[in-house]
Amino acid sequence: MTTTVPIKEQEHSHGEHAGHPDHRMFGLATFLVADAMTFAGFFAAYLTFKAVNPLPDGAIYELELPLPILNTVLLLVSSATFHRAGQAIRQDDHGRCRRWLLITAGLGMAFLVSQMVEYFTLPFGLTDNLYASTFFAATGFHGLHVTLGALMTLIVWWQARQPQGRVTAADHFPLEAAELYWHFVDGIWVILFVILYLL
Amino acid sequence: MTISLPPETSSPPRLQPSGWLRYFSFSVDHKVIGLQYLVCGFVFYLIGGALAGAIRTELTSPVSDFMARDVYNQVLTLHGTVMIFLWIVPVVNGAFGNYLIPFYVGARDMAFPRLNAVAFWLIPPAGLMLITSYFLTGAAQSGWTAYPPLSITTPATGQIIWILSVLLLGGSSIFGGINFIATILKLRRPGLKLMQLPMYCWAMLGTSILVVLSTPVLAGTLVLLSFDIVAHTGFFNPTLGGNVVVYQHLFWFYSHPAVYIMVLPAFGLVSEILPVHARKPLFGYVTMVYSIMAIVVLGLIVWAHHMFTSGTPPWMRLFFTIATAFIAVPTGIKFFNWLATLWGGRISLNSAMLFSCGFIVNFVLGGITGVALAQVPFDIHVHDTYFVVAHFHYIVFGGSVFVIFASVYHWYPKFTGRMLNEDLGRLHCALTFIGFNLCFGPQHWLGLNGMPRRVAEYDPQFTLINQISSVGALLMAISTLPFLWNVIHSALNGPVAGDNPWKALTPEWLTSSPPPVENWIGEAPLVEEPYGYGVPPGELDLSAASGRDLWSSGK
Amino acid sequence: MQKMTSCCVDVCNTNAEKSSPFPDRNKALTITSWRTAASPIRCLKPGIDQVQIPSAILTLVIGMALALGGLWIGQNINLLPIDASANAPIYDELFKVLFTIGSILFVGIVGLLVFSLIRFRRRSGQLGDGLAIEGNLPLEIFWTAVPAVVVLFVGLYSYDIYDRMGGMVPLAHDHMGGAHEEQIWGGISSGSIESAAATNVLPVEVTAMQFAFLFHYPEGDITSGELHVPADRPITLRMEAKDVIHAFWVPEFRLKQDIIPGQPTQLSFTPTRTGRYPIVCAELCGPYHGGMRSTVVVESPEDWDSWYGQNAKAAPEEETLTIANA
Ligand code: HEM
Ligand SMILES: [Cu+2]
Ligand SMILES: [Cu+2]
């Protein structure tokens, strides 16, 4: 036999800290592909509705750009700040890492607030017409993701509080996972922004 | 280097119940989870079968006399949903996938054992919820397709419960799919190359890709549908300006791949069973792999063949006809390869082999009617009739269910350490095969001649054929009795199987029966040629061979 | 051969019968193959002289018998109801072709399977394995190419059939654009719209609801529960549903079209044979779906005229002038 692998290493790859973060990240990435397909379904529905179902007379479906552009900026910046948090933990700088995490979560929550403001100032409601419903379904589902992502960021922030905690320079799977998820949510937002607001 | 512990203390520090109780626990052992899937799925199969019995009883007479019409639709919906989401999908994927894949990649468990257990434990509550909805509020009654606006206008509680349980089952299936992909791609034993994997791994890889890509679309769609029901949005509600055909597109974007999710693993299982019992290598390994991948790709772009009468534009019909018909090519390749695997073998005509061959016969017929259905003009006549019912039962029952039985006969010795009774097995196979064909064969004619599907009452000219069909269903019901007796009796009293009763080469047989928790005591074997059976042709015993043996091998 | 067999059995026994199944736990178990041959045999070419010629001839004969048998089955076994519309014979032509090809394939494959099971079954006392043939590239190419060609042929042929049935013709109202109410979302238009005026299409509006069909003749303002049509005159149904999806199916016409709420569809056909044929709802639409049936009465033009005359509210002259495009 050429290579032999200790039993322990092949053993259940999660649970212990020294598991296989690569497998978990791989699993998460696969899950995000699945998640992206849900959005793809919503977008496909939206585009089809737009293409074949004209808005009935008198129905209102108008979107303003300023707030969503602000939202886009918020999310893009938050992606960068999360990235900085990751860099900081790799340099074993817990304080800086946690600061960046907090900023990220703050930006995420600012996004949510701004999204709420947009919801309440829109000239249409959830059940007004087909486009409106689809708009709320897609943005709402995305907002759910942002909420989850912000919560995850805060959890990582908590986990990174001490140098011997769950998030360390050597093993920071929670941070890596939350970061990938956050970038994913931002990426989806960009696509969503193009499809819902620009097209 | 390898940590070798004495067998007694080798169990990792997990607080898992042992003995039979572990099958009712949140076990993270892939073998336990596999059997949990199998037994749980079989229980739902019996429930779904009872529902089918109710349907066939109603249809012995042309009038609606056995149950109320709305109850009939509930029974029909439950039958379809239970059979697809609680029997075939969990068993061909979850049960055999969990049991076999870690063995095949040389691992001790799946990549994410806890996620695996979660995926399984989503199933019983979802199934129970679905079934109790019938007793509490009345189940959904819009068919397993849940087309709006019917699903929006029928009683809401049942439909919402249906949506919830399908969402849970879809989630379970996605978790399973992620786990399979990670296990196959990431957990392979060092030295084991992809192209050395047993075919079932490829089938599960393809299936899991389909699961991950298509199930979320169904989930999203059902969420929208539930908004239409509870929040009065109008996605699919035409009175509010919605578009019902968009639902159909989204639904079939999942549900056509779903038919491959139900049948690709079965293809993989057959590819494991045939070589062992024919004592020959699997013919055309490489083309088999490519055809699985071709099926995966094509399977994603053929969904609208379920919508040829939904007012789809002509170009769409043309595209989906051609794409659909072309799926027959990779599918055909697999069948020819299986036939070539059998040719020149030393075939044991045991239950596993006979069920596999029954599968080939039935699936070929289902595939032929499938290619016919892909032709728009042909489909326009028979769409939504008993012809389609016959077609997909030849595929899912004649295909997947036959393979599940073949697999139970094949792997039972591994699961339990005991052999099943072969005579009872052959009886089971004969009864199932006859009953199945008697039940579904005549339905082709019914559909061609004017009987639509999903009806509780029908034109009296179809009475006799429907009664024949019901007799076939009764035979199928009876056929499960020898099976049940066999499985239960053999578990206690069957002859001891030994580690490798079939003298098979794939890694699950290279350990004890049933296997230890860590699959192999000591290191996992490296199986580079999982199908290395057979005598090299040069050393053929000429007294036992004829010219045709040689002709068969090529030119 | 003998050597191989015993080797095979030996290895198995090692696993199955030794008291400890894994004698050396620390050593990895590497199994390449039951046989000793190191490299897989990819393509085997036995000397042609070993093969008796009959096998080739036999194949040819079996193939021809299969083809003839399939043709006979396709031509002589009729599974379809009577044909009563212009496109039904075209459909039946397609059906025969598909049935023939399907029968050949099915009988051929099942025959091959059953033959293999009998011919290559393990007889009692036989040990050992079959031939170690792992594949054959020419064969694989053969059974990829042939089905691909067959499938392509079937696809093109059915496309042609569909075209002859009128399926590819643009729908009557497509070119109208304009008002949304007029938009036709899909369907089958069995006749070209240009010739609509010339061929004197009879328009009928179909309303489907739980659980009945209603037929309205706009030109005579007749509403009826049965569809009365004259033979040999093209009919165009404009169909809309009130509540849920239904489907209009006349098995004897070999035509079916969903009737979709919010999305009017169209179905055109020319009845050819007088008689009464069932109209069946073919889309689950609720508890009484099975009972949602009606009848299409195909009458000789004279009979139909008199039926129409008796029921029409508008003057018949007016009606003959306004034609399908109205
Ligand atoms: C040779 C490959 C196949 C082809 C060309 C094919 C084609 C089709 C077509 C065109 C339909 C739509 C019929 C209609 O509703 O009018 C259909 C229905 C169906 N097929 Fe297949 N099929 C194939 C294989 C399969 C497989 C592998 C499965 C599942 C394991 C399957 C399961 C089904 C089911 C469940 C339906 C009915 C769905 C429903 O309306 O409820 N088919 N098939
Ligand atoms: Cu399909
Ligand atoms: Cu109906």
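Here is how the numbers come out for the structure above:
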quantity: Helix-derived mean residue ellipticity, 222 nm - over chain A, DSSP H n ≥ 4, -39500 (n - 2.57), to 500; calculated: -24500 deg cm²/dmol
quantity: Residues A:Arg166, B:Arg453, sorted so that the one with the fewest Cβ neighbours within 10 Å comes first; calculated: A:Arg166, B:Arg453
quantity: Helix axis angle, B:402-416 relative to chain B longest principal axis, alpha carbon, degrees; calculated: 40 degrees
quantity: Leading residue at positive end of dipole, the stretch B:24-554 (Cβ point charges), from B:Gly242, B:Val455, B:Gln159; calculated: B:Gly242
quantity: Angle in degrees between helix B:30-58 and the longest Cα principal axis of chain B, rounded to the nearest 10; calculated: 40 degrees
quantity: At 1.567 mPa s and 4 °C, Stokes D of the stretch B:347-463 from Kirkwood alpha-carbon radius, µm² per second; calculated: 84 µm²/s
quantity: Anisotropy class of the stretch A:21-104 from Cα gyration tensor, a/c 1.5 cut; calculated: oblate
quantity: Cα coordinate range in the stretch B:24-554, projected on the principal axes (Å, largest first); calculated: 72, 50, 50
quantity: Proximal charge balance of C:Met165 [Cβ under 15 Å; K/R count +1, D/E count -1]; calculated: -3
quantity: Relative exposure of C:Leu284, B:Leu168, C:Leu214, judged by other C-beta atoms within 10 Å (fewest first); calculated: C:Leu214, B:Leu168, C:Leu284
quantity: Between 0 and 90°, nearest 10: helix B:156-186 axis offset from chain B longest Cα axis; calculated: 30 degrees
quantity: Ranked list, fewest to most other Cβ atoms within 10 Å of each Cβ, for C:His289, B:His489, A:His172; calculated: B:His489, A:His172, C:His289
quantity: Cut-off 13 Å between beta-carbons: net charge of the residues surrounding B:Ala68, Lys and Arg +1, Asp and Glu -1; calculated: -3
quantity: Inter-centroid distance (Cα atoms) of the stretch C:198-258 relative to the stretch B:409-444, Å; calculated: 48 Å
quantity: The stretch C:86-159 and the stretch C:273-313: distance between their alpha carbon centers, rounded to Å; calculated: 43 Å
quantity: Charge tally in the Cβ shell below 10 Å around B:Leu100, where Lys, Arg are +1 and Asp, Glu are -1, B:Leu100 excluded; calculated: 0
quantity: Cβ neighbours within 10 Å from other chains - mean over B:132-141; calculated: 0
quantity: Among A:Ala132, A:Leu148, A:Ile195 - extreme Cα towards positive end, dipole of chain A, charges at beta-carbon; calculated: A:Leu148
quantity: Computed magnitude of the charge dipole of the protein assembly as shown (debye, nearest 20; Cβ of K, R +1, Cβ of D, E -1); calculated: 4120 debye
quantity: Total charge dipole magnitude, chain B, about the Cα centre, Cβ charges on Lys, Arg, Asp, Glu only, Debye to nearest 20; calculated: 560 debye
quantity: Packing rank of B:351-360, C:134-143, B:182-191, B:384-393, where each peptide gets the mean count of other beta carbons within 10 Å, highest leading; calculated: B:351-360, B:384-393, B:182-191, C:134-143
quantity: Inter-centroid distance (Cα atoms) of the stretch B:127-191 relative to the stretch B:333-392, Å; calculated: 27 Å
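None of the figures in this text is laboratory data; all of them are computed from the coordinates on show. Please read all numbers here as calculations on a predicted model, not as lab measurements. Backbone-built Cβ (ideal geometry, glycine too); neighbour counts: all protein chains shown.
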